[in-house]
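Since the structure comes first, as structure tokens, the remarks are kept for the end.
The values are calculated or read from the model by the stated rules, or taken from the named source; none is laboratory data. In this text, all values refer to a predicted model and were calculated from it rather than measured experimentally. With ideal geometry, Cβ positions are generated from the backbone for all residues, glycine too; neighbour counts draw on all protein chains shown.
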């Protein structure tokens, strides 16, 4: 994908507030965009709920990538341009484990429940969307009370690191985080629960964008089919077909 030079559009840095789950992909994409266009970007990462809170509390931003339901709230609050909104992609929740650990069976909800009951320690993002959904899944399986003492809340994006250093035996997290921690950490399997086990991300431009030419060019870059293979390698798949740019 070829983009025109944007180095002449002032010195304003376009600030993108992103879910930490997309960090591996976004770090590489931002570097590609800056090298190709000369546009200047600043990436800010946090958990999805924390990004929404920070924006609602007035933190300046030009673009955001977070969960659709949280973006709904930002649209309602008049903080993003509704017409700029598009799907960015989704990442399934998976089981992170040491690369040297033996294979596990998570082909059925019953097998997943047994894994949770047998595990010595289980990490999850305490303030992230995936962590909240994981706790809801444990409740639906009626095992939350039985495994609560083994649950270890982790900061967003730290599940892979916790596994690699032996802090926890397994962790439940979007596979983007697991892939980013390779080769010490691998995906043991995906959650065999049909409801709400994929974390979705939408993208939108802020209402008070400071450098519109660069922001719009990066938006087009991020929604171009030309990057589909790259983001897929980072654990993100497109949820819908996006328009060609």
Among (1) in a helix (DSSP H, G or I); (2) in the same structural domain as residue 206 (by TED's automatic domain parsing); (3) within 21 Å of residue 176 (Cα to Cα) - the single one residue 65 does not satisfy: (1)
If residue 172 satisfies every condition in (1) under 19 Å from the mean Cα position of the chain (by Cα); (2) under 22 Å from residue 55 (Cβ atoms) but one, which is the exception? (2)
Residue ranges of strands (runs of 3 or more DSSP E) in the stretch 164-231 with at least 3 members surrounded by 21 or more Cβ atoms within 10 Å (Cβ to Cβ) and outside the structural domain of residue 125 (by TED's automatic domain parsing): 198-205
With the structure loaded, tell me whether residue 78 is at positive phi and either under 21 Å from the mean Cα position of the chain (by Cα) or part of a helix (DSSP H, G or I) (or both) or whether it fails that test. no
Residue 52 passes all but one of (1) in contact (Cβ under 8 Å) with a residue 40 or more places away in the chain; (2) buried (at least 20 other Cβ atoms within 10 Å of the Cβ); (3) over 16 Å from residue 173 (Cα atoms); which number fails? (1)
Quick one: is residue 85 under 19 Å from residue 14 (Cα atoms), in contact with a strand residue (DSSP E or B) (Cβ under 6 Å, 6 or more places away or on another chain) and either surrounded by fewer than 17 Cβ atoms within 10 Å (Cβ to Cβ) or modelled with pLDDT under 95 (or both)? yes
